[in-house]
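The values are calculated or read from the model by the stated rules, or taken from the named source; none is laboratory data. In this text the structure is predicted, and so the values were computed from the model without any measurement. Glycine gets a Cβ as well: all are built from the backbone with ideal geometry, and neighbour counts include every protein chain shown. Each accessible area value is taken on the protein alone, full model and side chains, heavy atoms only, with ligands, DNA and RNA left out. Shrake-Rupley method; radii C 1.70, N 1.55, O 1.52, S 1.80 Å.
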Amino acid sequence: MKIVLGPASQQLGEKIAQLLNAETVPVAFKTFPDGESYIRLEGKVQNEEAFIVQTTSPPQDPKLIQLAFIADAAKRNGAKKVTAIVPYLAYARQDKAFLPGEAISIETIARMLKAAGIDSLITVNVHQEKVLTKFPFPAKSVSAISLLAEYFKSKGYVEAFALAPDKGAMHIAEQAKKILGGECGYLEKQRDRYTGQISVEKKTFDVKGKTAIVFDDIISTGGTIVAASRVLKELGAEKVYAACVHPLLIGDAEKRILEAGVEEIVGTDSVPSHVSKVSIAPLLSKEIWEHKSG
Ligand code: R5P
């Protein structure tokens, strides 16, 4: 087995390789003056199972192209199987045509990756798991929510209220509740498909004087967390924290969230950032160990 260090996830790839005691294959990369990507494997993969670790957080398109080129290079250089370890899977939220005439982007990406030589894929907290059933190769999503909840538990926030900002994220809040031991609940969230504006329906939770943690898969613009934390504050929560697997934190998202009264944002190294306080390397190394053949 070889762990191929995709340019977008070099540190995570190194950590995974260390945990597995596996050899790494560095990848040389550059961008040509006209914007095209170049990659070259700096190690052998012949007759090996190659696990390419490459997240596809913004800028998504060049990272996806790098992933496709690395897969192609691995196959051309004799890898017997290529598995993509893609912690943040770009375009996964465009899993259906929400408005007439839209592309189903994630299905196109999956076909592109297949054509490049990828035989299977492992991702982390994909937005909707059912999208993976449409992939032309085996694809699986694993959850990092327990690791995030453990982080808060280790800081003493036992029995904190775990809030899902929408109904679709309730399974996430339930996973966190198992570790934290408190209560959990969800909000009804609406997003305007044209403006992106978020609104949440008022609900009542017993959070008065308590610590509450909003758990989500992604923090992008921060609108969801801001709306959720406002509800929690109105209901009297003493402290509000935000936890997410993929801290994209676009633009002034972090500032907006902190200004809304959130004490701390905690993310994972699925997307490397200064809020990536939890590593998903143990989760992914275990998954790779179980996934590898023989
Ligand atoms: C969508 O339903 C996701 O689970 C996240 O809630 C969403 O992507 C977060 O986006 P934003 O930070 O822009 O509100």
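When restricted to residues that are open to solvent by 40 Å² or more (accessible area, probe 1.4 Å) and either in a helix (DSSP H, G or I) or charged (D, E, K, R) (or both), segment 133-150 contains 6. State whether one or more residues within segment 207-216 are more than 11 Å from the ligand (Cβ to nearest atom), open to solvent by 50 Å² or more (accessible area, probe 1.4 Å) and without any contact (Cβ under 8 Å) to a residue 24 or more places away in the chain. Checked segment 207-216: no residue is more than 11 Å from the ligand (Cβ to nearest atom), open to solvent by 50 Å² or more (accessible area, probe 1.4 Å) and without any contact (Cβ under 8 Å) to a residue 24 or more places away in the chain.
Looking across segment 230-248, the residues that are open to solvent by less than 30 Å² (accessible area, probe 1.4 Å) and either within 14 Å of the ligand (Cβ to nearest atom) or closer than 14 Å to Asp166 by Cα (or both) come down to Val231, Leu232, Ala242, Ala243, Cys244, Val245, His246, Pro247, Leu248.
Being over 18 Å from Pro282 (Cα atoms), part of a loop (DSSP other than H, G, I, E, B), open to solvent by 40 Å² or more (accessible area, probe 1.4 Å) and away from the ligand (no atom under 16 Å from the Cβ) is the requirement here; does Ala79 meet it? When the stated conditions are applied, Ala79 does not pass them.
Filtered by the rule that a residue be outside any strand (DSSP E or B), open to solvent by less than 20 Å² (accessible area, probe 1.4 Å) and either of a type outside the set (Gly, Ala, Ser) or more than 14 Å from the ligand (Cβ to nearest atom) (or both), segment 217-229 gives Thr224, Ile225, Val226. When each of Lys203, Lys189 is tested for being among the basic types (Lys, Arg) and within 11 Å of the ligand (Cβ to nearest atom), the lone residue that passes is Lys189.
I'm checking my understanding of the structure. Among residues of segment 261-280 that are without any contact (Cβ under 8 Å) to a residue 40 or more places away in the chain and more than 15 Å from the ligand (Cβ to nearest atom), which one is farthest from Ala169 (Cα to Cα)? Across segment 261-280, the extreme among qualifying residues is His274.
In the set (1) in contact with a Lys or Arg (Cβ under 7 Å, 6 or more places away or on another chain); (2) open to solvent by 50 Å² or more (accessible area, probe 1.4 Å); (3) not polar (S, T, N, Q), the condition left unmet by Cys184 is number (2).
With respect to Lys130, is the statement that it is outside any strand (DSSP E or B), within 16 Å of the ligand (Cβ to nearest atom), open to solvent by 70 Å² or more (accessible area, probe 1.4 Å) and farther than 18 Å from Val266 by Cβ true? Spelling it out, Lys130 is indeed outside any strand (DSSP E or B), within 16 Å of the ligand (Cβ to nearest atom), open to solvent by 70 Å² or more (accessible area, probe 1.4 Å) and farther than 18 Å from Val266 by Cβ. Of all the numbered requirements in (1) away from the ligand (no atom under 14 Å from the Cβ); (2) open to solvent by less than 10 Å² (accessible area, probe 1.4 Å); (3) small (Gly, Ala, Ser), Gly156 misses one, and that requirement is (2). Among the candidates Pro7, Pro26, Pro33, the residue that is more than 17 Å from Val82 (Cβ to Cβ) and modelled with pLDDT of 95 or more is uniquely Pro33. Filter segment 261-294 down to the residues that are modelled with pLDDT under 95 and in contact with an Asp or Glu (Cβ under 8 Å, 6 or more places away or on another chain), then identify the one that is most open to solvent (accessible area, probe 1.4 Å). Across segment 261-294, the extreme among qualifying residues is Ser293. Which of the numbered conditions does Leu258 fail, given that it passes all the others? Conditions: (1) surrounded by 22 or more Cβ atoms within 10 Å (Cβ to Cβ); (2) among the aliphatic types (A, V, I, L, M); (3) within 15 Å of the ligand (Cβ to nearest atom); (4) outside any strand (DSSP E or B). Among (1) surrounded by 22 or more Cβ atoms within 10 Å (Cβ to Cβ); (2) among the aliphatic types (A, V, I, L, M); (3) within 15 Å of the ligand (Cβ to nearest atom); (4) outside any strand (DSSP E or B), Leu258 violates only (1).
Only a single item in (1) aliphatic (A, V, I, L, M); (2) out of contact with any helix residue (DSSP H, G or I) (no Cβ under 8 Å at 6 or more places or on another chain); (3) in contact (Cβ under 8 Å) with a residue 60 or more places away in the chain is not met by Ala73, and it is number (3).
For segment 23-46, a tally of residues being surrounded by fewer than 17 Cβ atoms within 10 Å (Cβ to Cβ), of a type in the set (Gly, Ala, Ser) and within 20 Å of Ile118 (Cβ to Cβ) returns 1. One residue alone among Leu147, Leu180 is in contact (Cβ under 8 Å) with a residue 60 or more places away in the chain and at negative phi, and that residue is Leu147. Of all residues in segment 82-127, those satisfying the criterion of being of a type in the set (Val, Ile, Thr) and surrounded by 18 or more Cβ atoms within 10 Å (Cβ to Cβ) are Val82, Thr83, Ile85, Val86, Ile106, Ile109, Ile118, Ile122, Thr123, Val124, Val126.
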